[in-house]
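The structure appears right after this line, and notes come after that.
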Amino acid sequence: MEKKKPAAVILSGDLTLNGEKKGHEALAKKLAVLEEKGVKVLVIPGNHDINNHAAASYFGKEKEPIQEANEKDFYDIYRRFGYDQARSLDQNSLSYVYELDEKNWLLMVDSAQYEPYNKVGGRIKEETLDWMKTQLEEAKKLGVSVVVIAHHNLLKESILYPEDCTLENSQDVVRLLESYRIPLYISGHLHLQKTKTYKQEPGEKGADYHISEVVANSFAISPNQYGVLTWTADNRLIYTTERTDVEDWGKKTGSTDENLLSFSGYAEKSLKDVVYEQVSSQIKNLPKEQIEEMAKLYGDLNSDYCAGRPIDAREIKSTTAFRLWQRNLPDSRLFAQIDQILRDTASDHNTWEGRTEETKEEGSDEDDREQTP
């Protein structure tokens, strides 16, 4: 990020494993180093981060409870990463508006539920929706374009993971954002790379404009990528993904660790190995070589699914491994999940393009601006 110099780097929630206060403090120190190098950082909380009773410290195999962060702790620890510079702060949540420049705002929305305790699913408070409407109305009057960032998903993004991912009041949020013709909502939470444009529910009144969503997959798992959102001079928004170049860092620091020097392959194999072990342990009473082939197929599909890469269902269904699943475990939960993945990955989800409503002045020679969520 120091080399790329984006307008801002966004961490859209789940900043810690389970809301450990010491974990937040440690991350804030790292983010402070980035800001000292001239790169602005913006954060919002995810469902793991506040009032999480699972907060723990780990020493080898030993696990002990540790102090969790509450809402005030989160604000105090991260206030320099967006909150102190906010154009407007919501008084009922950890939401805020950040002004990228005079023509572009980021509406950073706190979608986590942590009162009185942490929940997995997300919901935007009614009071926060009212605050959002006020901000969007002001942006409309000023001719400002707005992109919304939150942790939980706006749309029903995954067939495989239908629960606790989409906002509980997503329809209300969709109606609000579409009424102001907001082009893009960026989220995380799902741990999958996904893109989608809203489609009306059966019987819903027609509209001439629909919002799109980009879900950024987890930075912590292969392919360890991040999203880049670019505002262009001709009024377009372009989203792409880029992998973190750990190999280059390893070479420059003189590392001799082969896992770092060939990190992309190492990270992908590590993810597949974890899934392979989980799946193979659930397949019983089959020859070892068949279990290995079946578990490998599931691991490969899961890796592509997380990365948002397209999968050719017809090609997969012609493989020996798929036929083994079909013959031996046709009614199993795991085989049903394979089917769900194949129905959900026909296209690439690593790129998206749209347009903002606001047209820049003719003859503008502004450089393209990049934003990394």
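The values are calculated or read from the model by the stated rules, or taken from the named source; none is laboratory data. Please read all numbers here as calculations on a predicted model, not as lab measurements. Every residue, glycine among them, receives a Cβ derived from its backbone with ideal geometry; neighbour counts consider all protein chains shown. Note: areas computed on protein heavy atoms with side chains; ligands, DNA, RNA excluded. Shrake-Rupley method; radii C 1.70, N 1.55, O 1.52, S 1.80 Å.
Carbon and sulfur: what percent of the chain's accessible surface (1.4 Å probe)?
Roughly 49 percent, rounded to a whole number.
Work out the length of the dipole vector of the range 51-146 about its Cα centre, built from +1 on the beta-carbon of each Lys and Arg and -1 on the beta-carbon of each Asp and Glu, and round it to the nearest 20 debye.
240
Which residue fluctuates most in the GNM of the chain (Cα springs below 10 Å): Y276, Y198, Y117?
With Cα springs under 10 Å in the chain, the top fluctuation among Y276, Y198, Y117 is at Y117.
Give me the accessible area per residue for the range 204-332, probe 1.4 Å, as a whole number in Å².
53
Taking 22 Å as R0, compute the FRET efficiency from the Cβ-Cβ separation of M1 and L89 and round it to 0.05.
0.30
Among 141-151, 18-28, what's the highest-first ranking by average C-beta atoms within 10 angstrom per residue?
Final packing ranking: 141-151, 18-28.
So who's got an amide H within less than 5 Å of the one on A8, skipping anything under 5 residues away but keeping other chains? H placed 1.01 Å off N, in plane.
T372
Restricting attention to the range 113-173, which GluC sites (Glu not before Pro) occupy a DSSP loop and are surrounded by at most 10 other Cβ atoms within 10 Å?
The qualifying sites are E163.
Any chance you could look up the accessible area of D90 with a 1.4 Å probe, heavy atoms only, rounded to 10 Å²?
Estimated to the nearest 10 Å², D90 gives 10 Å².
Convert 20 °C to kelvin, take the viscosity as 1.002 mPa s, use the Kirkwood radius over C-alpha pairs of the range 1-154 as Rh, and evaluate the Stokes-Einstein diffusion coefficient in µm²/s, rounded to a whole number.
Estimated via Stokes-Einstein, D reaches 132 µm²/s.
Considering only S318, N285, L42, whose Cα is most displaced toward the positive end of the charge dipole of the chain, charges sitting on Cβ of Lys, Arg (+1) and Asp, Glu (-1)?
Positive-end residue among those listed: N285.
What are the ³J(HN,Hα) couplings of the range 193-199, residue after residue, when phi is run through the Karplus curve with 6.51, -1.76, 1.60 and θ = phi - 60°? Round to Hz, x for glycine and proline.
Working through the residues one at a time gives 8, 9, 9, 6, 10, 4, 10 Hz.
Who wins for biggest fluctuation among N118, N153, N285 in a Gaussian network model of the chain, springs between alpha carbons below 10 Å?
For the chain, modelled as a Gaussian network with Cα springs under 10 Å, the answer is N285.
Looking at (1) 193; (2) 178; (3) 128, which value of volume of the Cα convex hull per residue in Å³ comes from a calculation on the structure shown?
Recomputing volume of the Cα convex hull per residue in Å³ here gives the entry labelled (2).
Rank V274, V214, S262 by how far each Cα sits towards the positive end of the charge dipole of the chain (+1 on Lys, Arg Cβ; -1 on Asp, Glu Cβ) and give me just the farthest.
Of the listed residues, the answer is V274.
Considering only DSSP states other than H, G, I, E and B, which trypsin sites (Lys or Arg not before Pro) in the range 282-358 qualify as loop sites with at most 15 other Cβ atoms within 10 Å?
K284
For the chain, what is the mean residue ellipticity at 222 nm derived from helices alone (per DSSP H run of n ≥ 4: -39500 (n - 2.57); sum divided by total residues; nearest 500 deg cm²/dmol)?
-10000 deg cm²/dmol
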